[in-house]
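Novice: Just passing along the structure, written as structure tokens.
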Amino acid sequence: MSEDCIFCKIARKEIPTEFIYEDNLVVAFNDINPQAPVHVIIIPKEHHDSILTVPAGDDIISHLHLVANRIALKTGIAKTGFRLVNNCGKDGNQTVPHLHYHLLGGRPLLWPPG
Ligand code: AMP
Ligand code: ZN
């Protein structure tokens, strides 16, 4: 847990946010600045600065991916496809230093990204 971290505050329900999914380990909510018709942020409740700081043997990454699958099925984007994105560090354009995945879908997504 990190006192000043915005995603920790969301996970602790200190910033009122509608969760589209919650279990004991993760929460998911709509991105405040959506880049696609479906744009969900999926975070662990436990603070990790980025994917780089998750210890070996911690199964939170596989759990986040399985939750992404579940949300993709629930929102319907699994039918046509989607993108699961993790931005890491400065060049990865990570702006919130709390591990998170973006689940994007509902329109054709371009490749390569900018
Ligand atoms: P990243 O650039 O990968 O660190 O992504 C951070 C994402 O969090 C951005 O897409 C922001 O729009 C999103 N975001 C930041 N604050 C909030 C918030 N309070 N509620 C929902 N999404 C947020
Ligand atoms: Zn945090």
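Novice: Does Val38 satisfy the condition of being open to solvent by less than 30 Å² (accessible area, probe 1.4 Å) and either farther than 19 Å from Lys9 by Cβ or basic (Lys, Arg) (or both)? Break it down stepwise before answering.
Specialist: On the way: open to solvent by less than 30 Å² (accessible area, probe 1.4 Å): yes; either farther than 19 Å from Lys9 by Cβ or basic (Lys, Arg) (or both): yes.
Against the criterion (open to solvent by less than 30 Å² (accessible area, probe 1.4 Å) and either farther than 19 Å from Lys9 by Cβ or basic (Lys, Arg) (or both)), Val38 qualifies.
This table checks each residue for (1) farther than 22 Å from Leu110 by Cα; (2) of a type in the set (Gly, Ala, Ser).
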| residue | (1), (2) |
| --- | --- |
| Ala28 | yes, yes |
| Asn33 | no, no |
| Ile41 | no, no |
| Pro55 | yes, no |
| His65 | no, no |
| Lys79 | no, no |
| Pro97 | yes, no |
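Novice: When the residues of the range 90-101 are narrowed to those that are surrounded by 10 or more Cβ atoms within 10 Å (Cβ to Cβ) and within 16 Å of ligand 2 (Cβ to nearest atom), which ends up farthest from Cys5 (Cα to Cα)? Explain how you work it out, then say what you get.
Specialist: From the range 90-101, those surrounded by 10 or more Cβ atoms within 10 Å (Cβ to Cβ) are 92-94, 96-101; that's our starting set.
Keeping just the survivors that are within 16 Å of ligand 2 (Cβ to nearest atom) gives 94, 96-101.
On the way: Gln94: 14, Val96: 8, Pro97: 8, His98: 7, Leu99: 11, His100: 13, Tyr101: 16 Å.
The residue in question is Tyr101.
Novice: For the range 41-64, give me each residue that is open to solvent by 30 Å² or more (accessible area, probe 1.4 Å), over 14 Å from Glu22 (Cα atoms) and not charged (D, E, K, R). It would help to see each step written out before you state the result.
Specialist: Of the range 41-64, the ones open to solvent by 30 Å² or more (accessible area, probe 1.4 Å) are 45-47, 49, 51-53, 55-59, 61-63.
Subsequent filtering for residues that are over 14 Å from Glu22 (Cα atoms) retains 47, 49, 51-53, 55-59, 61-62.
Residues satisfying the conditions are His47, Ile51, Leu52, Thr53, Pro55, Ala56, Gly57, Ile61, Ser62.
Novice: May I ask you to list the residues in the range 1-24 that are open to solvent by 50 Å² or more (accessible area, probe 1.4 Å) and away from ligand 2 (no atom under 14 Å from the Cβ)? Explain how you work it out, then say what you get.
Specialist: First, the residues of the range 1-24 that are open to solvent by 50 Å² or more (accessible area, probe 1.4 Å): 1, 3-4, 6, 9, 12-16, 18, 22, 24.
Passing the criteria: Pro16, Glu18, Glu22, Asn24.
The values are calculated or read from the model by the stated rules, or taken from the named source; none is laboratory data. Just so you know, these numbers come straight off a predicted model, no measurement behind them. Cβ: placed from backbone, ideal geometry, glycine included. Neighbour counts: every protein chain shown. Just so you know, the surface numbers come from the protein's heavy atoms only, side chains and all, with ligands and any DNA or RNA stripped out. Shrake-Rupley method; radii C 1.70, N 1.55, O 1.52, S 1.80 Å.
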